[in-house]
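What follows is one structure encoded as structure tokens, with my remarks underneath.
The values are calculated or read from the model by the stated rules, or taken from the named source; none is laboratory data. For clarity, every value in this text was computed on a predicted model and none was experimentally measured. Backbone-built Cβ (ideal geometry, glycine too); neighbour counts: all protein chains shown.
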Amino acid sequence: MDEQPKKEGRRQQRPGAGQNVDVYDNTLDAYLGRLVNIHSEGLMLIGDQPFEEDRLYRLDLHLSEPVNERNSIQLGVDCLWARNADDNGKHWAGFSIIDASPQALEDIETLSKR
């Protein structure tokens with residue numbers, strides 16, 4: 001996936017994951033969408049269902065290829081913004097990572113370098 005242009009206020013570029021990453025809501029055990037980009041402080045998703053701004057989510061990122069011999073990454077995130085994507089029925093959302101183990105942060109670092 002293409003890297004998104006840097007937006008005002010963003011402290012770091014968010015590189016693409018280099019693989020397909022399906023994202024699930026851990027609390028509801030529901031599919032949310034696909035990872036667009038990620039770094040150690042935040043991520044962006046695109047999905048079929050709308051996201052809620054200012055809501056906390058527990059995410060499971062299901063990796064299509066193992067990273068550091070693991071197939072998933074678990075994160076706690078805060079939805080900073082959400083918007084509809086034109087007329088295709090998709091929804092975009094940007095999240096701040098608020099809870100991640102050292103192992104998850106290492107996996108994100110590895111994933112973002114691919």
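Of the residues G18, G76, the single one that is at pLDDT below 95 and more than 10 Å from the chain's Cα centre (by Cα) is G18.
The residues of the range 84-105 that are surrounded by 13 or more Cβ atoms within 10 Å (Cβ to Cβ) and more than 20 Å from N26 (Cα to Cα) amount to a single one, K90.
Within the range 25-73, the residues that satisfy the criterion of being more than 17 Å from E109 (Cβ to Cβ), of a type outside the set (K, R) and assigned to a loop (DSSP other than H, G, I, E, B) are N26, T27, L28, D29, D48, Q49, P50, F51, E52, E53, D54. Being in contact (Cβ under 8 Å) with a residue 40 or more places away in the chain and of a type in the set (S, T, Y) is the filter here; which residues of the range 86-114 pass it? Of everything in the range 86-114, those that are in contact (Cβ under 8 Å) with a residue 40 or more places away in the chain and of a type in the set (S, T, Y) turn out to be S96, T110, S112.
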